[in-house]
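Down below is the structure, laid out as structure tokens.
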Amino acid sequence: MTVVTTPKTDTSQNNGLLNYRITAQRILELLDLEEEDEYGILRPTAYAIKTAMKLVIDSYDIMGDSFPKGSPITDDQGSIRLAWENLDSDCRVRLFCPCNAEEKAYVYHQKSDQYGSEDIINFSTLVNWLKWFNEA
């Protein structure tokens, strides 16, 4: 008789993967928005989508099981703002992905009354602030 055993599942790893999938899916769902309304552009530009997805994918590749779930919105120019918030610790990280290459992507970070922002040079800037967010 052969006994088949299933490897023990690491739920923290699954949570990081699930958080990544939810975040990526939410970004891609922005493409289903109407192109614009009376207030401006609703659907993000291709540049904003490409920037957001690249930063999220590259960050997940490094962070793995500690990747937190983010929520994206668009602004009236077609840029994407991706937010991570922890209300219990009054901590937030927001990634701004511009609508075009003339503007810079940046990350805003806040814990209580201390805040600041940093231009995104590459995905490691976002990774550093998401790790900070996880530790808050």
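The values are calculated or read from the model by the stated rules, or taken from the named source; none is laboratory data. Here the structure is a predicted model, which means the values were calculated and not measured. Reconstructed Cβ throughout: ideal geometry from the backbone, glycine too, with neighbour counts over all protein chains shown. Side chains are part of the model used for accessible areas, which takes the heavy atoms of the whole protein and leaves out ligands, DNA and RNA. Shrake-Rupley method; radii C 1.70, N 1.55, O 1.52, S 1.80 Å.
Please say if the range 38-79 is rounded, prolate or oblate, where rounded means a/c under 1.5 for a ≥ b ≥ c the square roots of the C-alpha gyration tensor eigenvalues, and otherwise the choice is prolate for a/b larger than b/c and oblate otherwise? Oblate, since a/c reaches 1.5 and b/c is not below a/b.
Dipole of the chain, Cα-centred, from +1 at each Lys and Arg C-beta and -1 at each Asp and Glu C-beta, to the nearest 20 debye? Can you show the working numbers first?
Numbers: 13 positive and 22 negative charges, 136 e Å.
Taking the Cα centre of the chain as origin, the dipole is about 660 debye.
Ignoring ligands, DNA and RNA, what accessible area per residue does the chain give at 1.4 Å, in Å²? Walk me through the intermediate numbers first.
Working: 8570 Å² over 136 residues.
Per residue, the chain has 63 Å² of solvent-accessible surface.
Taking θ as phi - 60° and the Karplus parameters 6.51, -1.76 and 1.60, the scalar couplings of the range 48-59 work out to 5, 4, 4, 5, 4, 5, 4, 5, 5, 4, 5, 5 Hz in sequence order, x denoting glycine and proline. Peptide packing for 82-89, 33-40, 108-115, 21-28 was compared via the average number of neighbouring C-beta atoms within 10 Å per residue; ordered from the highest value, the list is 21-28, 82-89, 108-115, 33-40. Using the Cβ-Cβ distance between Ser112 and Asn15 with R0 set to 30 Å, the FRET efficiency from 1/(1 + (r/R0)^6) comes to roughly 0.70. State the Cα centre-to-centre distance between the range 31-90 and the range 113-136 in whole Å. Their Cα centres are 15 Å away from one another. If you take the charge dipole of the range 44-98 about its Cα centre, with +1 on Lys and Arg Cβ and -1 on Asp and Glu Cβ, which of Tyr60, Leu95, Gln77 is farthest toward its positive end? Among Tyr60, Leu95, Gln77, the one farthest towards the positive end of the dipole of the range 44-98 is Gln77.
Overall, the accessible surface of the chain at a probe of 1.4 angstrom is composed of carbon and sulfur to the extent of 49 percent.
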